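Reviewing the structure listed below.
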Amino acid sequence: MADTGLANTRSANSGPTYSGPVNSGPANAERAQARSARDQLFDVRLVVNGIVHTVIVPARRLLSDCLRHDLRLTGTHVGCEHGVCGACTVLVDGVATRSCLMLTVSADNAEITTVEGLTEPDGTLSPVQQAFTDCHGLQCGFCTPGFLTTITAALAENPEPSHDEAREIIGGNLCRCTGYQNIVKAVLRAAELKRRRSS
Amino acid sequence: MKPSSFGYSRPESVAEAVQVLASIGPDGKVLAGGQSLVPLLNMRLAAPTHLVDINRLSELAFISVADGQVTVGATARHADVLRDPVAATAQPLLRKALTLVAHPVIRNRGTTVGSIVHADPSGEMTAVLALLGGSVRLASTSGQRCVPAEEFFLGPLESDVRPDELATEASFPVLPPSAGCAFAEVSRRQGDYAICGVAALIELDTEGIVTRARAAYLSVSGTPLVLDLTAACGDVGGDLIEADFAEAGRLAMSQVRPTDDIHATASYRRHLVGVLTERALHEAHQQARERAGG
Amino acid sequence: MFGEPIARLEDDRLLRGHGAYLDDLGHDALAAAFVRSPHAHARIVDIDVSGALDVDGLIAIYTYEDLPGRVAEPLPLLIPHPSLTHPRTGFPLAADEVNYMGEPVVMVIAADRYLAEDAAEAIIVDYEPLPAVVGVEAARDGEHLVHADVPGNVAAELTQSNGDAVAAIAAAPHVLELDLTIERSASSPLEGRGVLARWDTESKRLRIWSSTQTSTGVRAAVAAKLDLALADVDVITPDVGGGFGVKIMHPWPEEVLVPWAVKLLGRPVKFTEDRAEHFISSAHERGQRHRVRVGFDDDGRVLGLDVRFWHDNGAYIPYGLIVPIITSTQLLGPYKPGAYRVEFTSLYTNTVIVTPYRGAGRPQGAFVMERTMDAIAAALGLDRTLVRERNFITPEEMPYDHGLIFQDGRPLIYDSGDYPASLAKIKALVGWDSFPAVQAEAREHGRNLGIGLACYVEGTGVGPYEGAHVVVETSGKVKVATGLTSQGQGHQTVFAQIVADELGVPIGDIEVTTGDTRAFAYAVGTFASRAAVMSGSAIALAARTARAKAIRIAAAALEASPDDMEIVDGVVRVKGDPASAIGIGTVAVLSNPLRYAFDEAAKAATQFAGGDIDKPPVAAGEAPGLEGREFFSPIRSTFASGMHAVIVETDPRTAEIKILRYCVVHDCGTLINPRIVEGQIHGGVAQGVGGALYERMAYDEYGQLQNASFMDFLMPYVSEAPDGIEIDHLETPSPLNPLGIKGAGEAGVIPGAAVFASAIEDAEGFPITAMPISPSELFELRQLHRRG
């Protein structure tokens, strides 16, 4: 990222019209002013959807941002950055995890699966992906990747969920479009498709 | 919402971890599961100068049952503790409480020790530790110390862990043979922090009389509140119904000082203390009777 | 294809993670962040940016002082109204004063969002706090003013009436008064707002991507603010992660500032808001207080209805009076009161602005009317459905003129609908008549069950117009463009279904583009459940035009009569003679007479290849190409309707509220894709549940929003949504458009508050007059009613 320095804007160079005595600012402003050094950078090795990547990132770079902006895998979405909505869920070493609550540096050497990695190698949709279109389980599609990874991991552990278990599986993901009815159906349909494909 | 800058270390051993903690000063923070800490970082409600990431300390990823204690290491995830069959048999309250902690994906990464150190008065595991009279082991460059639950929680989100200390494990006494436990909670949505929660423990003697009834309360005080309700449970043996614990419920209601917030009034919370005390004690009592074989 | 519940064409791409939402674009762009007011009301004394200047990667910082010309003027008042006597809109960056917590004060541009936030955090703004006006009561009291020059905080007062309601009530045998409140909530889509802009220094053109519901609206507003010709501004809507109304508001401050900065810097800039920003700087809706006086006879017939309400419009009023006007008019629902009077006051408060959220004032109207109907039934000891039935407009009375002006500026005239039939269906579906016995038995077992019912009518397909362009390419592929936008409604699919049927081509050959001013520049936007009606109709008309032309050209080439032609599977042919056929792609070739053949297929259209030498190659009044371009502009809105019923259980001890069954009867005319319509209903119902039981913007008296996160603003998870929604349909086609369609987008949410209030009241036995209601609030009401 090229550092172009400050552009020729009046405010940045000469300061705004308002001037005069500065009241003591809020604590976080003072803290921000105290930091003038660049973020220290770390080499991180990530295996994402089977491909090895090395990224060089500050410690504070969230895994969600690394996947989306450093690796350009924009299928993982960011809805809240406080772990509640689940749109950012990816699989870390096979375990469904909120990527907005994980630092990239913490994921060093991890094997990560994002929504892009759920598709079969020959390009067919996975059972979970196929189930979503069979059941009209997505509308705007923004929350969908988080559901797909969550359900994929859950079905690996419990391949034959009951209706109530299907509701529990998706219990931690927010969707504003579908009202969840068809997503529950998609979980059960995905289980069925998995069964069919393996037989 | 992005965190502000911080230094970062990822020690490979407890010894290394405490060395780093000793060197980084009071504004450092331990990063375990991150499910409580990282939201605060993202919202810039917390801005530690240095994070010590303990997720590689596999030596702390254990769950063991020995010497009358279930001991959980600092990097054991909620999901691991929840799944562990030996722990569940030894102390059923762990699984009952963990089922109510957030959602499965949060439990995949969040650690039980981490949530205890976080000391949220709405946290299920803080109430469990307090109820059972458990303890937390803390390590530093000066050695180790073990802090019992009643001394561990100092205030909302404030525990006795010093800046240079690492909590390495938490221990929960196992459930005695003629005892039962339960967890009852009301939250706005499934998985949310409880508006009111009760963890309960009942012990019976050979005649089936209640010899000990204790309850710990969530979301009605700044630290987990533990009440001895034995006297209010009466001398009756045999099968009891919820209403038989009404006096215990009333006693609990008289002891709590809840506050209003945007989700619930103080008076509603107090009311729930009564209702949930009855429910939790009753369920604990049922389990105690089953385990006692009568 | 029309009427088929086919799987969506959008899905494959989105399921693979290949969606392109705003933040997925512009990886090379600089990032914008904002310093936003922490105070609800304050004077800006000083802005000190010095602390931010040494943040690595800082590019620029802008305050109001830096804004030139029109950019420094207030943001536009989008929908003026004669009664909006004191309109106030904000500046893109606050000038002297901030009027809500979240108002943008300083814009920071940096290399990435992390650095931009670092710089923003280091900027110190010195404020002098002023008293904050929060809530309808404080605004109404007028002790403190949001805007010093707006007396009483009154933006507008508007009265509409039909007949003399006051007199009718005075003469009525029975009179009731009700006070009814709905609290503020918000659309809260999973994807927040975002805007990306690029300035092409060579062609001097601006290209903007925005997560908006109106590409043409953004284009016009930004062009006006930046003094650019419309032709020099493109606005492209990427994939949008939900809108639900909030994204119809435009231009946001950020939508003006980012393109402006881009022009200045000569570098692309992207603003992606985060969740906290969405709560405090986008828009909210629903907060209103109502006072009802109703006069009725012994049968429960409403003789006079007089509604007075107060609408909290927030700190500014850029969207005008649309929401309260919709409440005023849609409150009537499926009923014909003898006389009706509605008066509202729109009030400023020091809170986030109020613009439409799915339902847009209808949920409040339905709540008021349905609570009134229930109250009449209770007063007379009559069944709640009987009272409603006695007040229904009947099918024979359609079209029915209410004598009021609707939100489109046109008369409120219902075109079609069969409310008695809907009522019969919902009663059968939920088991209305047998419920009292179910309830009594449950009571004996210590369980509180209650049933509620709510009806609504929804004006959809609001004008002024939409248009469409259908182009058959020489490959045989069909490109369809319409100017309004998509946020998950399946437009790519339903519009393709229309074209597949109208044009006779395989659906896989059809590609639909929405919300891109490069592809179609005349449009209004997606709101008011209008897309299927407006663009659907325009697309049908454009496809018919293309079809007629294809048949004309093919008939001439095949020397047949156009009346004998048909188009099936993309082949134009003589009926009953499959050999006499031309592929529609070839017809497209023929439609454009050429001098130069650029490939094999094109040779057929060149000047020595044939054709009638006694006629000009392009006939008078025709144009080259196989296209249709049409607009649809209806005389007025078309009225969908529905009825919901819910059975709840309230815990006698904890007051928790559980949904046992949720039933919907729904009439949106003919259905293009029943599965997509059902999906819209499901989503709307979940938002209705949210609005009834969970969602409220919790402002304290200082104007601080206390629940600006998903942790404390309680949107339903699956556990809070009904476990199964039972739906039955009625179809009363609209006479106002060629397809007979009515809108479906908002239907699911409209009766939410009303139906839950009705059911909880039935379970508890005391009135429920304020929504949302939580277990804590229900508990407190129980205490109140036990004491009193």
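What to note about this one:
- Selected residue [at negative phi, part of a helix (DSSP H, G or I), loosely packed, with under 15 Cβ neighbours inside 10 Å and free of Cβ contacts under 8 Å to residues at least 24 places away in the same chain] from C:Ala421, C:Ala437: C:Ala437
- The one condition in (1) without any contact (Cβ under 8 Å) to a residue 40 or more places away in the chain; (2) aliphatic (A, V, I, L, M); (3) surrounded by 22 or more Cβ atoms within 10 Å (Cβ to Cβ) that B:Ile63 fails to fulfil: (3)
- Listed here are the strands (runs of 3 or more DSSP E) enclosed by the range A:74-147 that have at least 3 residues being within 8 Å of another protein chain (Cβ to nearest Cβ) and buried (at least 24 other Cβ atoms within 10 Å of the Cβ): A:95-98.
- Only listed residue being crowded, with 24+ Cβ neighbours inside 10 Å and more than 14 Å from chain A (Cβ to nearest Cβ), chosen from C:Val494, C:Val471, C:Val499: C:Val499
- Boolean, C:Tyr662 is hydroxyl-bearing (Ser, Thr, Tyr) and within 14 Å of chain A (Cβ to nearest Cβ): yes
- Total residues in the range C:665-686, condition within 11 Å of chain A (Cβ to nearest Cβ) and touching a strand residue (DSSP E or B) at 6+ places or on another chain (Cβ under 7 Å): 3
- Residue list for the range C:553-590, restricted to those being in contact (Cβ under 8 Å) with a residue 40 or more places away in the chain and assigned to a loop (DSSP other than H, G, I, E, B): C:Asp569, C:Gly570
- Total residues in the range B:191-231, condition touching a residue at least 40 places away in the same chain (Cβ under 8 Å), within 14 Å of another protein chain (Cβ to nearest Cβ) and either of a type in the set (Phe, Trp, Tyr) or outside any strand (DSSP E or B) (or both): 4
- Residue count for the range B:251-287, restricted to those that are more than 14 Å from chain C (Cβ to nearest Cβ) and either in contact with a Ser or Thr (Cβ under 6 Å, 6 or more places away or on another chain) or surrounded by fewer than 24 Cβ atoms within 10 Å (Cβ to Cβ) (or both): 9.
- Residue within the range C:561-579 that is more than 30 Å from C:Gln330 (Cβ to Cβ), modelled with pLDDT under 95 and either assigned by TED's automatic domain parsing to the domain that holds C:Gly748 or of a type in the set (Val, Ile, Thr) (or both) present: no
- Among residues of the range C:283-329, those that are among the polar types (S, T, N, Q) and over 23 Å from C:Gln213 (Cα atoms), counted: 3
- Candidates C:Val49, C:Val55, C:Val125, C:Val35: the one that is at pLDDT below 95 and either among the basic types (Lys, Arg) or surrounded by 22 or more Cβ atoms within 10 Å (Cβ to Cβ) (or both) is C:Val55.
- Every test in (1) more than 30 Å from B:Ala46 (Cβ to Cβ); (2) within 9 Å of another protein chain (Cβ to nearest Cβ); (3) in contact with a strand residue (DSSP E or B) (Cβ under 7 Å, 6 or more places away or on another chain) is passed by C:Ser83 save one, and that test is (2).
- Check on B:Ala32, more than 9 Å from chain A (Cβ to nearest Cβ) and free of Cβ contacts under 8 Å to residues at least 12 places away in the same chain: no
- The number of residues in the range B:149-167 being farther than 14 Å from B:Ile116 by Cβ and crowded, with 17+ Cβ neighbours inside 10 Å comes to 1.
- The range B:240-294, residues that are part of a loop (DSSP other than H, G, I, E, B), in contact (Cβ under 8 Å) with a residue 60 or more places away in the chain and within 20 Å of the chain's Cα centre (by Cα): B:Pro258
- Of note, A:Asn158 satisfies the criterion of being free of Cβ contacts under 8 Å to residues at least 12 places away in the same chain and within 14 Å of chain B (Cβ to nearest Cβ).
- Considering the range C:700-746, the residues that are of a type in the set (Asp, Glu) and in contact with a strand residue (DSSP E or B) (Cβ under 7 Å, 6 or more places away or on another chain) include one that is nearest to the other protein chains (Cβ to nearest Cβ), namely C:Glu726.
- Checklist (1) within 18 Å of C:Asp723 (Cα to Cα); (2) away from chain B (no Cβ under 14 Å); (3) buried (at least 20 other Cβ atoms within 10 Å of the Cβ); (4) among the small types (Gly, Ala, Ser) applied to A:Ala166, failing item: (2)
- Answer residue from the range B:80-100, given it is in contact with a helix residue (DSSP H, G or I) (Cβ under 6 Å, 6 or more places away or on another chain) and either surrounded by fewer than 22 Cβ atoms within 10 Å (Cβ to Cβ) or not assigned by TED's automatic domain parsing to the domain that holds B:Ser135 (or both) and is farthest from B:Ala280 (Cα to Cα) among those: B:Leu82
- Evaluation of B:Ala194 against (1) hydrophobic (A, V, I, L, M, F, W, C); (2) surrounded by 24 or more Cβ atoms within 10 Å (Cβ to Cβ); (3) farther than 28 Å from B:Arg212 by Cα (one fails), failing number: (3)
- Residue, surrounded by the fewest Cβ atoms within 10 Å (Cβ to Cβ), within the range C:689-705, restricted to residues that are touching a residue at least 40 places away in the same chain (Cβ under 8 Å) and aliphatic (A, V, I, L, M): C:Met697
- Pairs linking a residue in the range C:121-150 that is farther than 30 Å from C:Leu58 by Cα to a residue that is hydroxyl-bearing (Ser, Thr, Tyr) and not in a loop (DSSP other than H, G, I, E, B), with Cβ atoms under 6 Å and 6 or more positions apart or on different chains, are C:Val134/C:Tyr699; C:Val146/C:Tyr348.
- Listed here are the helices (runs of 4 or more DSSP H) enclosed by the range C:111-182 that have at least 2 residues being more than 14 Å from chain A (Cβ to nearest Cβ): C:135-141, C:165-170.
- Just one residue in the set B:Val105, B:Val70, B:Val147, B:Val161 is without any contact (Cβ under 8 Å) to a residue 40 or more places away in the chain, aliphatic (A, V, I, L, M) and over 22 Å from B:Asp192 (Cα atoms); that residue is B:Val147.
- Here C:Gly488, C:Gly452 are screened, and the one residue that is outside the structural domain of C:Ser734 (by TED's automatic domain parsing), within 30 Å of A:Gly137 (Cβ to Cβ) and touching a residue at least 60 places away in the same chain (Cβ under 8 Å) is C:Gly488.
- When A:Gly179 is tested against (1) free of Cβ contacts under 8 Å to residues at least 12 places away in the same chain; (2) not in a loop (DSSP other than H, G, I, E, B), only condition (2) is not met.
The values are calculated or read from the model by the stated rules, or taken from the named source; none is laboratory data. Quick caveat: nothing in here was measured; it's all calculated off a predicted structure. In this analysis, Cβ positions are derived from the backbone assuming ideal geometry, glycine residues included, and neighbour counts consider all displayed protein chains.
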